[in-house]
Amino acid sequence: MNTAVARTRVCITIDTEFSIGGAFGDQARQPVAEPLVWCNVEGRSQGLGFMLETFRQYDVQATFFVETQQRHHFRHDPMRPIAQHIHAEGHEVQLHTHPCWSLFQHADWWNLARGQKEPDDIGKRSVDEAVKLINQGIETFASWQLPRPQVFRSGNLHHSDNLYRALAQAGIPYSSNVGVAIYDSGNPHYKLYSGQHERHGVREFPVLSFSDWKIGPKQNVKSLTIAGSSFAETRYLLEKARSEGIPLVVVLTHPFEYVQNRDMAFQQTRRNHMTQERLIKLCRFLQQNSDRFEAVGMAAAAAAIPATTAPANTLLKGALRHALPRMAAQVAYHRFGRWMLARKHGAFKNLV
Ligand SMILES: [Zn+2]
């Protein structure tokens, strides 16, 4: 009998998407495609390019949740080569959906956007509407000649019972739609901090949420992201997750978090050394500790976890000694970045 304890799976998930670029608020503005993903600084990709290079160097398989509704706006299909490139690098390409883009199907999208209260909340859609949105993604993957998506992540981590019913109906077995510190639907059934949870026939693996500090009765809950947590904090949580028997840790990030920008078009940018350093350290740690941790795509990880695993919902506790220096460092680096960008591109005033 094999008594070896399974390695703790670590899924670095990257929401890979374009930006409305303020167009819903001001018709003169334009949505932004490739610059938000590649994030070039002086001709070098400090977003997706940096991430792929880092993953290659430390032998990490990641999961890219690729947004497909943007095809209603960008007719030249700029995400196709991006998704195919990611797939060719050996990572999982899974489905991400921001329903707001579907407004561009209509000639009067401008009025529709202003009339709709929550144009980007898939959780507020009927089951049929959500199935339609999901199927657009499945069809997109087929036309891009990519494997059918098996994992879904909703835009803004919005979710509802209807969404899970729709995912089951569309034949998507796994999801990562919950990150309680990012979006709280108010439904206690979806207050999911960690682990695996079956909802309407879909297995949900939430972005890890943890308590980063507690002072007296006040406790702060945070979702695990590269932009929001230091490496010391992340490493501490990974070790805790392992000792608590959490089978899979989901980390959330975006390509644009690896640069600092001062314009919506991502033309005036600089490298974000702080977040880049965090990702490098995390990947190096995962490689050096590959006897205990496995950096693997979400579908592969989910398939390896028995569906019958008891649905524990552990809220890990971070340490104030990590949270405080992280907060101070982030404020300082943000200020430094603004100062550097102003030196390079001029003062910030009157800019978007
Ligand atoms: Zn998104």
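Quick look at the values:
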quantity: Global form of region 74-214, assessed from the alpha-carbon gyration tensor, a/c cut-off 1.5; calculated: oblate
quantity: Antiparallel bridges, percent of DSSP beta bridges restricted to region 8-345 (to nearest 5); calculated: 35
quantity: Debye log10 I(q)/I(0) at q = 0.15, 0.18, 0.19 Å⁻¹ for region 99-173, Cα point scatterers; calculated: -0.54, -0.75, -0.82
quantity: Total charge dipole magnitude, the chain, about the Cα centre, Cβ charges on Lys, Arg, Asp, Glu only, Debye to nearest 20; calculated: 1120
quantity: Prolate/oblate/rounded label for region 27-129 (Cα gyration tensor, a/c 1.5); calculated: prolate
quantity: Of Asp108, Asp15, Asp128, the one that fluctuates the most in a GNM where the chain has Cα springs shorter than 10 Å; calculated: Asp108
quantity: Loop-located GluC sites (Glu not before Pro) in region 10-55 whose Cβ has at most 16 other Cβ within 10 Å (DSSP); calculated: Glu42
quantity: Shape metrics for region 143-200, restricted to C-alpha atoms - Rg then Dmax, Å; calculated: 12.2, 39
quantity: Value of [θ]222 nm, deg cm²/dmol, for the chain, DSSP H segments ≥ 4, -39500 (n - 2.57) each, nearest 500; calculated: -10500 deg cm²/dmol
quantity: Formal net charge of residues neighbouring Arg114 (Cβ-Cβ distance under 13 Å; K, R +1; D, E -1); calculated: -2
quantity: For the chain, built as a Gaussian network whose Cα springs stay under 10 Å, the top-fluctuating residue of Ala295, Ala113, Ala33; calculated: Ala113
quantity: Residue-span extension gain [Asn313 to Arg338] - 0.36 nm each, minus C-alpha spacing; calculated: 5.1 nm
quantity: Cα principal axis extents for the chain, largest first, Å; calculated: 63, 50, 45
quantity: Cα lying deepest toward the dipole's positive end in region 10-164, options Tyr58, Val131, His159, charges on Cβ; calculated: Val131
quantity: Over the chain, relative contact order from alpha-carbon pairs under 8 Å, at least 6 apart, %; calculated: 22
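Coordinate-derived values only; no laboratory data. Quick caveat, the model's predicted, so the values are computed rather than measured. Cβ atoms come from the backbone with ideal geometry, glycine included; neighbour counts cover every protein chain shown.
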